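This report refers to the structure that appears directly beneath it.
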Amino acid sequence: MTAMKILVCIKRVIDYNVKVRVKPDGTGVETANIKMSMNPFDEIAVEEAVRLKEKGIASEVVAVSCGAATCQETLRTALALGADRAILVQTDAELQPLAVAKLLRAVAQKESPQLVILGKQAIDDDASQTGQMLAALLDWPQATFASKVDIAGTSATVKREVDGGLETLEITLPAVVTTDLRLNEPRYATLPNIMKAKKKPLDSLTPEALGVDIAPRLVTVKVTEPAKRKGGGRVADVKELVAKLRNEAKVLP
Ligand code: AMP
């Protein structure tokens with residue numbers, strides 16, 4: 001097989017260091033004036049694709065993001081990390097995982113990659129659905145939560161961490177892979193690469209141009225803050241602890 005093209009899917013999310021606040025009206029979380037970054041699992045996806053290119057297994061790495069114009073900044077980060085070019089499917093509409101999967105299918109049909117790599121989960125909505133839905137829509141094999149990926153010819157061997165051990169799958173390309181935390185340790189973008197990334201191609205498309213219906217299928221009823229943690233207390237000794245567990249918490253007979 002000739003060297004392959006890899007599509008890497010990137011979501012712009014609230015930075016993982018930010019303490020997320022719920023909007024007072026309970027319709028969602030505050031995103032105005034808040035630091036946004038590439039979803040951490042997508043950094044792992046970019047890293048894996050770039051490593052495959054460095055090994056000569058991939059010939060081109062294309063980063064794709066669906067969302068507002070601000071996603072361009074996140075795509076530039078992917079370009080600085082080693083992606084060759086980027087595609088933004090631009091919309092200000094709310095995108096649910098099914099809509100994203102449909103948009104990504106349309107991009108995959110245009111680009112014909114042999115491999116699509118996504119994060120296993122976006123850390124904002126924790127949906128963990130997009131990769132699976134994309135594979136189903138494309139009718140391609142999927143290997144989710146990958147902790148090791150080896151490509152040989154027209155197939156990929158993927159190790160996945162499952163309860164009590166590792167599962168090894170062999171899938172035929174083209175396929176969809178989603179990344180787990182231990183797949184690799186992403187590099188940092190260097191200043192020269194950040195400068196070079198500014199000159200790499202970044203194309204824009206729209207859901208309409210792709211002919212994709214992105215109407216939401218789910219309604220968010222309410223978003224609330226997690227329950228406040230009740231203050232803990234100190235006990236003088238084990239005897240007091242056991243007494244409290246028996247009489248107050250009632251977890252001991
Ligand atoms: P989720 O299903 O929302 O947990 O997201 C899983 C993965 O799908 C993310 O790690 C991304 O790789 C990809 N993804 C989700 N939303 C988007 C988006 N708006 N644009 C591009 N990729 C996305």
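The values are calculated or read from the model by the stated rules, or taken from the named source; none is laboratory data. Note that the structure is a prediction, hence the values are computed from the model and not measured. Cβ placement follows ideal geometry from the backbone for every residue including glycine, while neighbour counts extend to all protein chains displayed. Keep in mind that these areas ignore ligands, DNA and RNA; they rest on the heavy atoms of the full protein, side chains included. Shrake-Rupley method; radii C 1.70, N 1.55, O 1.52, S 1.80 Å.
For the chain, count the residues as N, evaluate 2.2 N^0.38 Å, and divide the Cα radius of gyration by that value, please. List each step's numbers first, then the result.
Numbers: Rg = 21.6 Å, N = 253, 2.2 N^0.38 = 18.0 Å.
The value comes to 1.20.
Per Stokes-Einstein, at 10 °C and 1.306 mPa s, what whole-number D in µm² s⁻¹ belongs to region 180-253, with the Kirkwood radius over Cα pairs as the hydrodynamic radius? Diffusion coefficient, whole number: 77 µm²/s. Using a 1.4 angstrom probe on heavy atoms only, work out the carbon and sulfur share of the accessible area of the chain in %. In the chain, the share of accessible area belonging to carbon and sulfur is 53 percent. Round to the nearest 10 and give me the degree value, 0 to 90, for the angle of helix 238-247's Cα axis relative to the longest principal axis of the chain. The two axes meet at around 90 degrees.
Averaged per residue, what accessible surface does region 4-225 expose to a 1.4 Å probe, in Å²? Present the calculation step by step, with values, prior to reporting the outcome.
Numbers: 11190 Å² over 222 residues.
Heavy-atom accessible area per residue stands at 50 Å².
Between the alpha-carbon centres of region 1-64 and region 202-231 there is a gap of 16 Å. Computed on the chain, with alpha-carbon pairs under 8 angstrom and 6+ residues apart, the relative contact order is 23 percent. Between Leu173 and Lys228, the FRET efficiency from the beta-carbon distance, with R0 = 41 Å, is close to 0.25.
In the chain, the DSSP-assigned H stretches of four residues or longer account for a calculated mean residue ellipticity at 222 nm of -8500 deg cm²/dmol, using -39500 (n - 2.57) per stretch and the full residue count as denominator. The modelled label-to-label distance between Leu218 and Val242, using points 7 Å beyond Cα along the C-beta direction, is 4.8 nm.
Ranking Leu134, Leu81, Ala108 by how far each Cα lies toward the positive end of the dipole of the chain (charges on Cβ) leaves Leu81 at the top.
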